[in-house]
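Q: Would you mind keeping the following structure in view while I ask a few things?
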Amino acid sequence: MAVIRNLPPGKYTLGLPRPKGGAAIDPDNDVFLPVTDHAQVTKSPKGAFRKDLEVVLEPARTAMREAANLNPMAKIQYMYPDGVDHVHVEALPS
């Protein structure tokens with residue numbers, strides 16, 4: 001949540017960590033976006049940040065919503081399940 005709160009003004013996408021990463025599927029240990037099929041990896045579940053938040057697991061959903069509300073100048077376009085050991089932040093052209 002600190003990443004979202006501290007992003008400078010701009011547009012972004014976020015790749016969220018998931019257990020094991022890569023081709024591994026481990027829905028019992030997902031923390032952010034649930035992944036039950038390899039086709040879901042690296043794809044936004046709903047195509048827009050606020051809609052993607054609807055499928056983020058709790059308590060991460062509430063914390064992410066609060067962090068985004070505290071930093072309205074950082075516009076997250078969408079997020080997706082990504083690798084195992086990092087948050088992927090991509091800055092987009094304004």
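Q: Please name all residue pairs, on different chains or six or more residues apart, with Cβ atoms under 6 Å, provided the first residue is in the stretch 59-77 and is surrounded by fewer than 13 Cβ atoms within 10 Å (Cβ to Cβ) and the second residue is modelled with pLDDT of 95 or more.
A: LEU70/ARG5; MET73/PRO9
Q: Looking at VAL35 and the list (1) aliphatic (A, V, I, L, M); (2) assigned to a loop (DSSP other than H, G, I, E, B); (3) within 19 Å of ALA2 (Cβ to Cβ), which single condition is not satisfied?
A: Single failed check for VAL35: (3).
Q: Does VAL84 satisfy the condition of being β-branched (Val, Ile, Thr), closer than 15 Å to ALA2 by Cβ and surrounded by 12 or more Cβ atoms within 10 Å (Cβ to Cβ)? Steps first, please.
A: Details: β-branched (Val, Ile, Thr): yes; closer than 15 Å to ALA2 by Cβ: no; surrounded by 12 or more Cβ atoms within 10 Å (Cβ to Cβ): yes.
So VAL84 does not fit the description; no.
Q: Could you please give the count of residues in the stretch 76-94 that are within 19 Å of GLY10 (Cα to Cα) and under 13 Å from the mean Cα position of the chain (by Cα)? It would help to see each step written out before you state the result.
A: Quick first cut of the stretch 76-94, residues within 19 Å of GLY10 (Cα to Cα) only: 76-80, 87-94.
Still in the list and also under 13 Å from the mean Cα position of the chain (by Cα): 76-80, 87-90.
So the answer is 9.
Q: Condition first: within 15 Å of HIS86 (Cβ to Cβ) and in a helix (DSSP H, G or I). Now tell me which residues in the stretch 1-30 satisfy that.
A: ALA2, VAL3, ILE4
Q: Hey, could you check the stretch 43-89 for residues that are in a loop (DSSP other than H, G, I, E, B) and of a type in the set (Gly, Ala, Ser) and say which is nearest to PRO17 (Cα to Cα)?
A: In the first step, residues of the stretch 43-89 are kept if they are in a loop (DSSP other than H, G, I, E, B); the result is 43-48, 54-59, 71-73, 82-87.
Narrowing the set further to residues that are of a type in the set (Gly, Ala, Ser) leaves 44, 47-48, 83.
Details: SER44: 13, GLY47: 18, ALA48: 18, GLY83: 5 Å.
Per the stated criteria, the residue is GLY83.
Q: Is it the case, given these coordinates, that GLU66 is at pLDDT 95 or above, among the acidic types (Asp, Glu) and under 23 Å from LYS11 (Cβ atoms)? Break it down stepwise before answering.
A: Details: at pLDDT 95 or above: yes; among the acidic types (Asp, Glu): yes; under 23 Å from LYS11 (Cβ atoms): yes.
Against the criterion (at pLDDT 95 or above, among the acidic types (Asp, Glu) and under 23 Å from LYS11 (Cβ atoms)), GLU66 qualifies.
Q: Looking only at the stretch 25-56, which residues are modelled with pLDDT of 95 or more and either exposed (fewer than 12 other Cβ atoms within 10 Å of the Cβ) or of a type in the set (Ser, Thr, Tyr) (or both)?
A: Residues satisfying the conditions are SER44, GLY47, ARG50, GLU54.
The values are calculated or read from the model by the stated rules, or taken from the named source; none is laboratory data. Because the structure is predicted, anything quoted here is derived from the model rather than measured. Please note: Cβ atoms are built from the backbone with ideal geometry, for glycine as well, and neighbour counts cover all protein chains shown.
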